[in-house]
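What follows is a short report on a single structure.
The values are calculated or read from the model by the stated rules, or taken from the named source; none is laboratory data. None of these values were measured; they are calculated from a predicted model. Because the Cβ atoms are built from the backbone with ideal geometry, glycine has one as well, and the counts that use them run over all protein chains shown.
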């Protein structure tokens, strides 16, 4: 969230939802610089053709 990105954890369990929402840490400036300079994945290779699971198969 410090990078302006929103993680989307998936759960149907209300307790897990609450735990996911309780962000209680800060990433150091040094670690943030490392995250900003990491290579971004643009192609997931052989797995890029799999659909995102959205329900029953």
(Q) Take the conditions surrounded by 10 or more Cβ atoms within 10 Å (Cβ to Cβ) and either modelled with pLDDT under 85 or part of a helix (DSSP H, G or I) (or both) and apply them to residue 41. Does it pass? (A) no
Residue 11 vs (1) assigned to a helix (DSSP H, G or I); (2) modelled with pLDDT of 85 or more: all pass except (1)
Out of (1) at pLDDT 85 or above; (2) surrounded by 10 or more Cβ atoms within 10 Å (Cβ to Cβ), the one residue 36 does not meet is (2)
